[in-house]
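The values are calculated or read from the model by the stated rules, or taken from the named source; none is laboratory data. Keep in mind the model is a prediction, meaning the values are calculated, not measured. All Cβ positions, glycine included, derive from the backbone under ideal geometry; neighbour counts span all protein chains shown.
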């Protein structure tokens, strides 16, 4: 009877907590409810994302080794620079679609989506053709500072990674649509699903084939393309039938609306390339590709903070846009103050992560890769500063008032390279 009573009490407590959580998620304005529900779903998705990402690192190192993994990281980061050839249309489209959804202008939204698909398809299709023309004449081995053992397949690796990435850049428009429609949790699920798919295939490769940078790159590059393509087909067939892009939906006037704002975002993004994504290339050229691996392991470890804070902060971009269109400044101030308080928990988490970093690295990737304490310290400071900045950058981006951010980003980019 005693055990039965304890069990009943625990069940009652569980039910009460569940009911309280559901009540909290449903309480507040329509905009607040949408934000809270997306945060709740994103927590679950991000946990899966973190787990798969952390499992993927040691499995990748086991399959292709430290140096080849460093080469892959460098190649993927360099190819990612070309995402900014979208002329900033992604963020411009996001804000404009959020306005359309708020005002229920679905015909206008469909035209904007059609215009974005056509223009981005033309841009990245042209880039694929350019790549095929120049690829045979480029000395990739010198650029990526690789050894003879991988030089023979390096050109093929670049081809697979580049073509897959350009296709993915167009397919990502579906993610912009769901974010603008206040459903960022759907967009957040794409890459975790791609990681799971990659994890399955790499596990099979480890068991069945010899190490191959080409096979490894093909899997990690093609998996997101497959997931985004599947998501695009499913969402347009079910939820967004009225927004299906068509050739007749192209409107030049909306291209100006999207790119006018988008060009400003593009300049900010280009500055971000210089500030944040040249690290792998610099390390490769100065220290060799093998040293990219410990740097990225430390970055991936502390990116837990970025991911967790992003779960809270990311859904607010389009929510801020909708509130700004409705002139609901009180809601914006209230939410922004809460996000500032939430950042303090990230600070405490960063300190705890720093203290357990060394044993965690050993557990995660083994003792073969040594990561200096100072690297962990500065990486923790880096992600905390980045998260703090994102609180206010998110709000600025949502309201399209990015001129000051544009100037400051360019100045910081110039300083970082001097």
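Quick rundown of the values:
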| item | result |
| --- | --- |
| Verdict on residue 246 being in contact (Cβ under 8 Å) with a residue 24 or more places away in the chain and surrounded by fewer than 18 Cβ atoms within 10 Å (Cβ to Cβ) | yes |
| Filter result for residue 318 (assigned to a helix (DSSP H, G or I), over 30 Å from residue 295 (Cβ atoms) and touching a helix residue (DSSP H, G or I) at 6+ places or on another chain (Cβ under 7 Å)) | yes |
| Residue within segment 267-283 that is crowded, with 18+ Cβ neighbours inside 10 Å, within 28 Å of residue 39 (Cβ to Cβ) and at pLDDT 70 or above present | no |
| Number of positions in segment 189-198 that are surrounded by fewer than 19 Cβ atoms within 10 Å (Cβ to Cβ) and over 14 Å from residue 168 (Cβ atoms) | 1 |
| Which listed residue, of 85, 101, 124, 166, is touching a helix residue (DSSP H, G or I) at 6+ places or on another chain (Cβ under 9 Å), modelled with pLDDT under 85 and over 24 Å from residue 291 (Cβ atoms) | 85 |
| Where a residue in segment 100-116 is farther than 18 Å from residue 252 by Cβ and its partner, wherever it lies, is modelled with pLDDT of 90 or more, with Cβ under 8 Å and at least six apart | 101/109; 106/242; 106/243 |
| Residue under evaluation residue 201, criteria (1) more than 28 Å from residue 173 (Cα to Cα); (2) in a helix (DSSP H, G or I), criterion not met | (1) |
| Verdict on residue 353 being surrounded by 15 or more Cβ atoms within 10 Å (Cβ to Cβ) and modelled with pLDDT of 85 or more | yes |
| Neighbours by Cβ (under 8 Å, 6+ apart or cross-chain): first from segment 120-145, in contact (Cβ under 8 Å) with a residue 24 or more places away in the chain and on the phi < 0 side of the Ramachandran plot; second outside any helix (DSSP H, G or I) and surrounded by 15 or more Cβ atoms within 10 Å (Cβ to Cβ) | 123/87 |
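Quick grid of which residues meet (1) in contact with a helix residue (DSSP H, G or I) (Cβ under 9 Å, 6 or more places away or on another chain); (2) surrounded by fewer than 17 Cβ atoms within 10 Å (Cβ to Cβ); (3) modelled with pLDDT of 85 or more; (4) assigned to a helix (DSSP H, G or I):
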position	(1), (2), (3), (4)
337	no, yes, yes, yes
344	no, yes, yes, yes
349	yes, no, yes, yes
361	yes, no, yes, yes
374	no, yes, yes, yes
393	yes, no, no, yes
405	yes, no, no, yes
